[in-house]
Amino acid sequence: MVRFHVSGPIPNPDPGTYTPPPFGVSTMRHVISALVINEPGVLSLIAGLFSARGFNIDSLVVGRTEDPNLSRMTIVVSADENTLEQVRKQLAKLVPVVKVRDFKGAAYIERDLVLMTVSIAPEKRREILDIVDLFRGKVVDVSPDSLMLELSGTEEKLESFIDLMAPYGIEELARTGVIAMARGVQKSREKKDAPAGPKSRKRSLDAPSAPALPPS
């Protein structure tokens, strides 16, 4: 499976299936990681599960893992806890999905990356380079009237950098979307706290594809 990124809201294909959260129920940002089997239709199956609930997916990234048979999907979504918990359970039941985790409350590292081309006047070049150095970014291409800049970090860091660059004139911008992994201390804690018992079932690479689940 090749790397794939969706940035920005993914509209609900069937607005009639969406029930807004009750008044007073707050939504939170969740970063969800799903380890999936490489097979056709997995991306649309999982994205459809979220959109059927009316969620706007802020970011969706798919990339290869250490196992050539598996890819990791990282999904950033804002939703109320109760509804998202139902989606997580349905997601874990899909045949192509090997493992699902929500990083809420966990120690983890997330990264996003941005490339942008900024218009530059000679008298402003030093100002821009100082800002790039402050954010620990890189200049990856130079032309007489523009600079191409690279920066990685959290979404908040990238948004702040983009806001500072906007007055200089952003000609073009591209972002990879969020990827995330648990910190080593978090993995050690989970292994220590894991209850004894039978191992979780393994998903077969030859298992038949699961039908799309209807919204509940």
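Readers should treat all values here as calculations from the given coordinates under stated rules, not as data from a laboratory. These numbers come from a predicted model, not from an experiment. All Cβ positions, glycine included, derive from the backbone under ideal geometry; neighbour counts span all protein chains shown.
List of remarks:
- Distances between placed amide hydrogens fall under 5 Å for residue 171 paired with 117, 118, 119, all partners being 5 or more residues away or on another chain.
- Taking packing as the residue-averaged number of other Cβ atoms within 10 angstrom, the listed peptides 42-54, 101-113, 121-133 run from highest to lowest as 42-54, 101-113, 121-133.
- Note on residue 99: aspartates and glutamates with a C-alpha under 14 Å away, same-chain residues under 8 apart excluded, are 67.
- One decimal place: the segment residue 150-residue 44 gains 35.2 nm when fully extended, by the rule 0.36 nm per residue minus the C-alpha distance.
- Once the Cβ-Cβ distance of residue 108 and residue 142 is raised to the sixth power relative to R0 = 35 Å, the FRET efficiency obtained is 0.50.
- Remark on residue 95: its backbone amide H falls under 5 Å from those of 210, a criterion applied only to residues 5 or more positions apart or on other chains, H modelled at 1.01 Å from N.
- Coordinate range along principal axes, alpha carbons of segment 109-175, Å, largest first: 37, 20, 19
- A simple rule links phi to the HN-Hα coupling: the Karplus curve 6.51 cos²θ - 1.76 cosθ + 1.60 with θ = phi - 60°, which for segment 61-72 gives 10, 10, x, 5, 10, 5, 9, x, 8, 10, 10, 10 Hz, with x for Gly and Pro.
- FRET efficiency estimate (nearest 0.05) - Cβ-Cβ, residue 78 to residue 183, R0 25 angstrom: 0.60
- Note that segment 28-38 has calculated 3J(HN,Hα) couplings of 10, 7, 10, 10, 10, 10, 10, 8, 10, 7, 6 Hz, one per residue in order, obtained from phi through the Karplus relation 6.51 cos²θ - 1.76 cosθ + 1.60 (θ = phi - 60°); glycine and proline are x.
- Normalised contact order of segment 109-175, rounded percent, pairs of Cα under 8 Å and 6 or more residues apart: 51
- In this calculation the C-beta distance from residue 134 to residue 66 is compared with R0 = 30 Å, giving a FRET efficiency of 0.30.
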